[in-house]
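A.B. asks: Below: one structure in structure tokens.
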Amino acid sequence: MADAVHPELETMTLDAARSAVQEGRLTAFALAEQHYGRIGAVDPGVNSYLALSRERALEQAEKIDAAAKAGGPLGPLAGVPLGIKDVLVMRGAPATAGSRILKDYHPPYDATAVAKLEAAGAVLLGKLNCDEFAMGSSNENSAYGPVQNPRAPGHVPGGSSGGSAAAVAAGLCIGSLGTDTGGSIRQPAAFCGVVGVLPTYGRVSRYGLIAFASSLDRVGPLARSVKDAATLLEVLAGPDPMDATSSAQPVPSYNVEAAKPVSGLKIGVPEEYFGEGLDPELRQAVEKALDDLRAGGCTVEKISLPHTRYAVPTYYLIATAEASSNLSRFDGVRFGLRSAESNTLAAMFRNSRDEGFGAEVKRRILLGTYALSAGYYDAYYRKAQQVRALLAHDFLNAFAKVDAIVCPVTPSPAFKLGEKTDDPLQMYLEDIYSVAASLAGICGMSVPCGTTAAGLPVGVQVLAKHFEEAKMLRVGAAIEAAQAG
């Protein structure tokens with residue numbers, strides 16, 4: 001009987017799942033149930049899921065199976081079980097953003113990215129753990145407990161999309177949606193040994209995303225291979241009338257483009273990303289990826305991104321200022337937690353926010369409010385926006401000479417749980433190689449490129465010009481193929 005087939009859920013690719021469903025070797029219903037069985041057995045030790053959407057998922061699986069049985073056309077994600085980061089709203093499941101203040105919020109609509117995945121046939125298993133309001137680099141800021149790195153027990157999975165990366169790595173879904181504000185897809189992907197894509201700002205709709213920093217937030221896929229990530233991105237990309245910042249740029253066939261040879265491409269290596277503080281094993285892994293690209297016919301040359309040293313302080317001014325504004329709506333009145341310990345309106349506002357927000361969110365609201373306050377706006381927020389323009393100009397200058405940039409994702413591999421929680425500055429420095437691309441609005445990705453001597457996954461970062469995801473995926477696929485070969 002077809003349903004008796006038990007796939008290797010830890011390694012199953014999107015194409016393999018869809019083919020098995022289309023050819024009748026496995027039903028979408030059975031595939032979803034097998035994933036739920038594995039979630040029940042494995043996730044208590046990982047803590048990647050905050051809520052399961054079993055009823056919705058199995059109803060979708062039955063529709064896919066009926067369409068497959070009738071011989072009708074199936075979508076590109078038909079029957080593929082996916083997980084959704086809990087900062088994206090989805091009918092039939094809570095949307096907590098990893099925060100106590102949204103504990104009982106059940107949204108009445110789907111985020112555009114969620115709706116697009118389901119329209120393409122995906123089976124949405126549930127909502128994934130994350131740092132509270134996507135603020136963090138370790139997934140230790142979630143109000144619902146930290147996520148364990150399934151590839152390195154006792155270590156962080158990265159943040160803020162730690163649950164999204166860990167679930168893919170642990171075989172608890174075939175792909176997932178994450179969000180990236182300053183590295184929150186790329187860093188967890190690197191720490192967990194999966195592929196993560198940061199699309200160009202405007203490439204994927206943000207409608208239905210619980211906002212952290214609106215000029216920086218982006219929605220993107222995590223997957224087990226570049227090909228799977230490209231398929232997911234093609235489904236997600238495109239304009240959305242519900243998001244005024246989404247772009248009408250045409251969406252190419254990313255898998256067709258990614259399969260093209262890299263011979264003749266020029267690869268830039270920014271000298272500022274290889275200085276003091278970079279772990280020697282990570283440096284070696286990135287240099288090996290560059291050697292593989294040379295062997296594939298690429299030209300590799302050094303470039304400079306001179307304003308890189310200002311990227312972290314610039315990011316933590318702009319992002320916190322926008323967070324201060326966006327999170328003002330969580331006041332105990334309109335939705336979310338309302339403190340019972342209040343006898344005046346002012347006390348209710350104050351107590352609801354104090355009880356509902358965690359320490360890191362409070363820290364960032366305070367920083368952002370200060371940066372926007374009278375007398376400090378010009379000195380901090382306006383100045384940060386001016387430096388942001390210089391960082392973007394650095395990348396435009398670089399892409400006038402090279403097709404893509406290859407560099408580290410993080411300065412170190414996955415660190416131990418609790419190692420950096422008492423030192424916010426050390427935690428913020430984890431973003432040193434990722435925030436500049438976020439500020440510039442360009443696309444980027446993390447591709448697995450080996451492990452350290454201690455067995456910790458290593459990722460390499462590929463960056464490309466605005467809306468040149470196809471070129472970025474092409475370089476990523478070449479790195480991946482060299483690793484496999």
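A.B. asks: I'm told LEU222 meets every condition in (1) within 23 Å of LYS471 (Cβ to Cβ); (2) part of a loop (DSSP other than H, G, I, E, B); (3) within 13 Å of the chain's Cα centre (by Cα) except one. Can you identify the failing condition by its number?
C.D. replies: For LEU222, the failing item is (2).
Matching residues to (1) within 24 Å of the chain's Cα centre (by Cα); (2) farther than 24 Å from GLY459 by Cβ; (3) surrounded by 14 or more Cβ atoms within 10 Å (Cβ to Cβ):
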site: PHE335; (1), (2), (3): no, yes, yes
site: GLY368; (1), (2), (3): yes, yes, yes
site: ALA371; (1), (2), (3): no, yes, yes
site: ASP378; (1), (2), (3): no, yes, no
site: VAL387; (1), (2), (3): no, yes, yes
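A.B. asks: Next up: So which residues in segment 321-359 are under 21 Å from ASP217 (Cβ atoms) and in contact with a Lys or Arg (Cβ under 6 Å, 6 or more places away or on another chain), if there are any at all?
C.D. replies: ALA323, GLY356
A.B. asks: Ok, one more. Scan segment 404-423 and give yes if some residue there is modelled with pLDDT under 95, buried (at least 18 other Cβ atoms within 10 Å of the Cβ), more than 15 Å from VAL197 (Cα to Cα) and out of contact with any Cys (no Cβ under 9 Å at 6 or more places or on another chain), otherwise no.
C.D. replies: Within segment 404-423, one or more residues are modelled with pLDDT under 95, buried (at least 18 other Cβ atoms within 10 Å of the Cβ), more than 15 Å from VAL197 (Cα to Cα) and out of contact with any Cys (no Cβ under 9 Å at 6 or more places or on another chain).
One line per residue, one yes/no per condition, for (1) within 24 Å of CYS449 (Cβ to Cβ); (2) in a strand (DSSP E or B); (3) touching a Cys at 6+ places or on another chain (Cβ under 9 Å):
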{"position": "ASN139", "(1), (2), (3)": "yes, no, yes"}
{"position": "PRO146", "(1), (2), (3)": "no, no, no"}
{"position": "ALA152", "(1), (2), (3)": "yes, no, yes"}
{"position": "SER160", "(1), (2), (3)": "yes, no, yes"}
{"position": "GLY178", "(1), (2), (3)": "yes, yes, yes"}
{"position": "GLY183", "(1), (2), (3)": "yes, no, no"}
{"position": "GLN187", "(1), (2), (3)": "yes, no, no"}
{"position": "ARG206", "(1), (2), (3)": "no, no, no"}
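A.B. asks: Within segment 228-264, work out how many residues are part of a loop (DSSP other than H, G, I, E, B), farther than 17 Å from GLY202 by Cα and of a type outside the set (D, E, K, R).
C.D. replies: Selection size over segment 228-264: 6.
A.B. asks: Separate question: Only one of PRO81, PRO7, PRO44 is on the phi < 0 side of the Ramachandran plot and at pLDDT below 95. Can you tell me which? Reasoning before the result, please.
C.D. replies: Working: PRO81 fails: at pLDDT below 95; PRO44 fails: at pLDDT below 95.
Only one candidate qualifies: PRO7.
A.B. asks: Return a yes/no flag: does segment 301-312 have any residue that is buried (at least 16 other Cβ atoms within 10 Å of the Cβ) and out of contact with any helix residue (DSSP H, G or I) (no Cβ under 7 Å at 6 or more places or on another chain).
C.D. replies: Within segment 301-312 (the criterion being buried (at least 16 other Cβ atoms within 10 Å of the Cβ) and out of contact with any helix residue (DSSP H, G or I) (no Cβ under 7 Å at 6 or more places or on another chain)), the answer is no, since none of the residues qualifies.
A.B. asks: Which residue pairs have Cβ atoms closer than 6 Å, lie 6 or more positions apart in sequence or on different chains, and pair a first residue in segment 218-245 that is more than 14 Å from GLU257 (Cα to Cα) with a second residue that is in a strand (DSSP E or B) and among the charged types (D, E, K, R)?
C.D. replies: That search, which allows pairs on different chains as well, returns ARG218/ASP180; GLY220/ASP180.
A.B. asks: Of LEU305, LEU290, which residue is under 30 Å from ALA477 (Cβ atoms), touching a strand residue (DSSP E or B) at 6+ places or on another chain (Cβ under 8 Å) and assigned to a helix (DSSP H, G or I)?
C.D. replies: LEU290
A.B. asks: Still on this structure, please answer the following. Among GLY163, GLY171, which is the only one that is over 18 Å from ILE432 (Cα atoms) and either buried (at least 24 other Cβ atoms within 10 Å of the Cβ) or among the polar types (S, T, N, Q) (or both)?
C.D. replies: Step by step, each of GLY163, GLY171 is checked, and only GLY163 is over 18 Å from ILE432 (Cα atoms) and either buried (at least 24 other Cβ atoms within 10 Å of the Cβ) or among the polar types (S, T, N, Q) (or both).
A.B. asks: Going through segment 113-137 one residue at a time, which ones are within 16 Å of the chain's Cα centre (by Cα) and either assigned to a helix (DSSP H, G or I) or among the polar types (S, T, N, Q) (or both)?
C.D. replies: Residues satisfying the conditions are ALA113, VAL114, LEU117, ASN129, GLU132, PHE133, ALA134, SER137.
The values are calculated or read from the model by the stated rules, or taken from the named source; none is laboratory data. No experiment lies behind these values; they were computed from the predicted model shown. Quick reminder, even Gly has a Cβ in these numbers, built from the backbone with ideal geometry, and neighbours come from all protein chains shown.
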